[in-house]
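S.K.: One structure coming up, written as structure tokens, with questions to follow.
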Amino acid sequence: MTFVKPPADQDVSEKVAQTYSRIREVLETEQIPEVFRCMAVVPPLLNDFFMNFRKFVLSDGKLNQKQKLLIAAAVAGQSGSLKWLEYLMTLAPARSVSQAEITEVLAVGATNSMYNVLFKFRAISGTEIFHGMGVGLRAHTFQNTSLGEPLVELINLALSTVNGCQPCTTAHVARARGLGLSDEAIHEAVQCAATMICGTQFLRSVGACTEAP
């Protein structure tokens with residue numbers, strides 16, 4: 001059930017119209033993507049989100065646009081937003097991202113969540129006894145994709161942060177640094193993930209645009 005529906009273009013506020021104009025300019029399109037139209041019911045959110053999306057997903061920084069798009073896809077997958085995944089796929093060709101790579105990202109994300117559950121349990125169980133027990137969970141996916149170890153670490157780090165797994169996040173920060181990733185690059189990965197959490201959570205919470213037709 002949809003809690004809100006995107007307003008018709010002729011009914012949007014002046015603030016939304018201004019943001020729409022910026023979206024058209026940046027994305028080089030006349031059609032406003034539905035994921036943004038769904039936010040038009042709250043003009044400040046639409047403006048904030050698109051500005052963040054432009055900076056932390058669509059722009060090069062310490063991480064390049066391909067890395068950021070793949071991290072964004074990992075968060076969309078974690079959030080169960082097929083609509084966002086499909087939209088990100090439309091941006092993929094211009095950033096040399098293949099569907100196979102996005103599928104690998106989703107597999108890495110699923111494997112990371114499996115580990116997050118176990119290590120969060122250890123952290124909150126109130127006893128040290130489980131720390132001495134073997135993990136016992138196979139995770140060869142981390143080492144057997146085309147993504148490369150640095151990107152896999154950034155995805156694991158970002159999703160572990162989203163999932164609130166403190167020991168996992170701490171470990172992935174250390175591994176990312178060990179692979180030569182700068183603290184600024186690590187921070188950008190989390191900013192990218194945070195941006196996508198905002199986008200996916202709002203659409204999911206209002207029941208809008210969360211599933212593909």
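What follows is calculated from the coordinates using simple rules that are stated; it is not laboratory data. Keep in mind that what you see is a predicted model, and the values were worked out from it rather than measured. Please note: Cβ atoms are built from the backbone with ideal geometry, for glycine as well, and neighbour counts cover all protein chains shown.
S.K.: Along the positive direction of the dipole of the chain (beta-carbon charges: Lys, Arg +1; Asp, Glu -1; about the Cα centre), which of A40, L147, P167 reaches farthest?
M.R.: Projecting each Cα onto the dipole axis, the largest value belongs to P167.
S.K.: Taking θ = phi - 60°, what integer Hz values does the Karplus form 6.51 cos²θ - 1.76 cosθ + 1.60 yield along region 94-99, in sequence order, with x for Gly and Pro?
M.R.: Those phi angles translate into 5, 10, 6, 10, 9, 5 Hz.
S.K.: Put +1 on the Cβ of every Lys and Arg and -1 on every Asp and Glu Cβ in region 57-124; which of L69, L88, N112 then has its Cα farthest towards the positive end of the dipole?
M.R.: It is N112.
S.K.: Quick check: net charge around R95, other residues with Cβ under 13 Å of its Cβ, Lys/Arg +1 and Asp/Glu -1? List each step's numbers first, then the result.
M.R.: Values: positive: K66, K68; negative: D60, E101.
Around R95, the surrounding residues sum to 0.
S.K.: Would you mind counting up the charge near L154? Only other residues with Cβ under 11 Å from its Cβ, with Lys and Arg at +1 and Asp and Glu at -1. Walk me through the numbers on the way to the answer.
M.R.: Details: positive: K62, K68, R175; negative: E149, E153, E188.
With Lys, Arg at +1 and Asp, Glu at -1, the neighbours total 0.
S.K.: Continuing with the same structure: Only Cα pairs under 8 Å and at least 6 apart count here; give the relative contact order of the chain as a rounded whole percent.
M.R.: On the way: 242 pairs, mean separation 62.8, N = 213.
So the answer I get is 29 percent.
S.K.: Let me ask something additional. Once phi is turned into θ = phi - 60°, what whole-Hz ³J(HN,Hα) does the Karplus curve with 6.51, -1.76 and 1.60 give for every residue of region 58-72, x standing for Gly and Pro?
M.R.: Values, residue by residue: 9, 10, 6, x, 5, 9, 8, 5, 5, 4, 5, 5, 5, 5, 4 Hz.
S.K.: Along the positive direction of the dipole of region 107-213 (beta-carbon charges: Lys, Arg +1; Asp, Glu -1; about the Cα centre), which of S125, T200, A176 reaches farthest?
M.R.: S125
S.K.: State the Cα centre-to-centre distance between region 68-92 and region 21-61 in whole Å.
M.R.: 15 Å
S.K.: Sorted by packing (mean other beta-carbon atoms within 10 Å per residue), highest first, where do 160-170, 189-199 land? Could you put the intermediate results ahead of the total?
M.R.: On the way: 160-170: 19.0, 189-199: 22.4.
Result, highest mean Cβ count within 10 Å first: 189-199, 160-170.
S.K.: Run the quick spin-label model on Q201 and E34: label points 7 Å from Cα toward the beta carbon, then report their separation in nm to one decimal.
M.R.: It works out to 2.4 nm between the two label points.
S.K.: Please determine, in degrees from 0 to 90 and to the nearest 10, the orientation of helix 149-162 with respect to the longest principal axis defined by the Cα atoms of the chain, where the helix direction is its Cα long axis.
M.R.: Its long axis makes an angle of about 80 degrees.
S.K.: Continuing with this model, one more query. Taking springs between alpha-carbon atoms closer than 10 angstrom, which of M114, M39, M89 fluctuates most in the Gaussian network model of the chain?
M.R.: Highest fluctuation of the listed residues: M114.
S.K.: Which of the lysines could be linked to K120 by a straight reach, that is with a Cα gap under 22 Å, when you skip same-chain ones fewer than 8 residues away?
M.R.: K120 reaches no qualifying lysines.
S.K.: Please give the charge dipole size of region 9-205, origin at the Cα centre, charges +1 on K and R Cβ atoms and -1 on D and E Cβ atoms. Round to the nearest 20 debye.
M.R.: Working: 17 positive and 18 negative charges, 85 e Å.
Charge dipole of region 9-205: 400 debye, to the nearest 20.
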